[in-house]
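Visitor: One structure, as structure tokens, below. Some questions next.
The values are calculated or read from the model by the stated rules, or taken from the named source; none is laboratory data. None of these values were measured; they are calculated from a predicted model. Here Cβ is always computed from backbone atoms with ideal geometry, including for glycine, and neighbour counts include all displayed protein chains. Side chains included, ligands, DNA and RNA excluded: accessible areas come from the protein's heavy atoms. Shrake-Rupley method; radii C 1.70, N 1.55, O 1.52, S 1.80 Å.
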Amino acid sequence: MLLNQEVSKFIEKEIPWISSLPMVTSLINGRHVIIDYMTQPQITETYCMIQEAAQNGDGYGIDEFDSEKDFRREIEGSDCYAVICKESGDLLAGFILAVSKFYRGVSGVVDPFIIVKRSERNQKLGEFCMRKAIEFSKKLGYMGMYVDTFSNNVAVQRILEKIGDFQKVGFLPMGGKLHDGQLIGSVIYYRDLQTNPSDDT
């Protein structure tokens with residue numbers, strides 16, 4: 001996973017924008033946030049946020065990750081970014097760019113993990129993170145992006161429709177298990193990151 005001490009690897013790959021992190025930007029409500037590489041404690045906090053979301057049936061399966069060790073193994077080699085409140089330094093949200101398992105090649109297609117702290121919702125942080133995930137994925141050279149989301153996750157589906165250029169390409173009847181034991185399907189979306197002209201910022 002991409003952490004502060006690993007920036008040198010990307011400088012060697014000649015990705016000039018990577019040196020601009022951390023970057024300060026604003027949410028739609030004017031709140032100032034910092035985007036930076038996740039630290040080890042922030043990865044732990046992200047795992048806890050995902051577990052809380054799973055307990056509340058909010059986009060993650062109750063048995064998706066058995067432990068933090070399992071979560072860290074799943075995101076190993078991924079690019080991990082934190083969205084931090086500039087004023088307090090608190091982690092508000094995170095987005096992780098993982099190589100998609102739907103693509104049978106090496107690092108060609110990305111699959112983003114996006115999580116927003118429960119107490120920070122309703123500020124369009126999910127949309128903000130998705131737009132940044134698209135922007136960063138393009139700059140990292142990914143050809144495309146798959147997004148799979150539970151069929152009951154209307155919020156994410158609305159975000160994808162609002163951003164545009166995503167195609168609904170499939171449905172998995174068994175996508176995961178909710179906190180009450182109910183099995184739920186997953187909707188699969190795809191976006192071409194090479195040819196879409198839309199402005200994602």
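Visitor: What are the residue pairs meeting all of these: first residue in segment 101-122, first residue among the acidic types (Asp, Glu), second residue in a loop (DSSP other than H, G, I, E, B), Cβ atoms under 8 Å, and 6 or more apart or on different chains?
Guide: Asp111/Ser100; Asp111/Lys101; Asp111/Phe102
Visitor: Within the set of pairs 6+ apart or on separate chains, which have a first residue in segment 150-173 that is of a type in the set (D, E, K, R), a second that is modelled with pLDDT under 95 and surrounded by 14 or more Cβ atoms within 10 Å (Cβ to Cβ), and C-beta atoms under 6 Å apart?
Guide: Within 6 Å, the pairs are Asp165/Asn196.
Visitor: Right, here's the next one. Just one of (1) within 25 Å of Met174 (Cβ to Cβ); (2) open to solvent by less than 10 Å² (accessible area, probe 1.4 Å); (3) of a type outside the set (Lys, Arg) trips up Phe113, so point out which.
Guide: (2)
Visitor: State the number of residues belonging to segment 171-187 that are of a type outside the set (Ser, Thr, Tyr) and open to solvent by less than 30 Å² (accessible area, probe 1.4 Å). Let's see the steps before the verdict.
Guide: Within segment 171-187, the first condition is being of a type outside the set (Ser, Thr, Tyr), and the residues that meet it are 171-185, 187.
Next cut, open to solvent by less than 30 Å² (accessible area, probe 1.4 Å) only: 176, 178, 184-185, 187.
Number of matching residues: 5.
Visitor: Quick one: how many residues across segment 33-63 are in a loop (DSSP other than H, G, I, E, B) and within 17 Å of Cys129 (Cα to Cα)?
Guide: First, the residues of segment 33-63 that are in a loop (DSSP other than H, G, I, E, B): 38-39, 56-63.
From what is left, the residues that are within 17 Å of Cys129 (Cα to Cα) are 38, 58-60.
Qualifying residue count, segment 33-63: 4.
Visitor: For segment 87-97, state whether one or more residues are at pLDDT below 95 and under 23 Å from Val154 (Cα atoms).
Guide: First, the residues of segment 87-97 that are at pLDDT below 95: none.
No: segment 87-97 contains no residue that is at pLDDT below 95 and under 23 Å from Val154 (Cα atoms).
Visitor: Ok, one more. Under 6 Å by Cβ, and 6 or more places apart or on different chains, what pairs join a residue from segment 54-72 that is crowded, with 16+ Cβ neighbours inside 10 Å with one that is of a type outside the set (D, E, K, R) and part of a loop (DSSP other than H, G, I, E, B)?
Guide: Ala54/Tyr60; Ala54/Ile62; Gly57/Leu178; Gly57/His179; Gly59/Asn153; Ile62/His179; Phe71/Phe65
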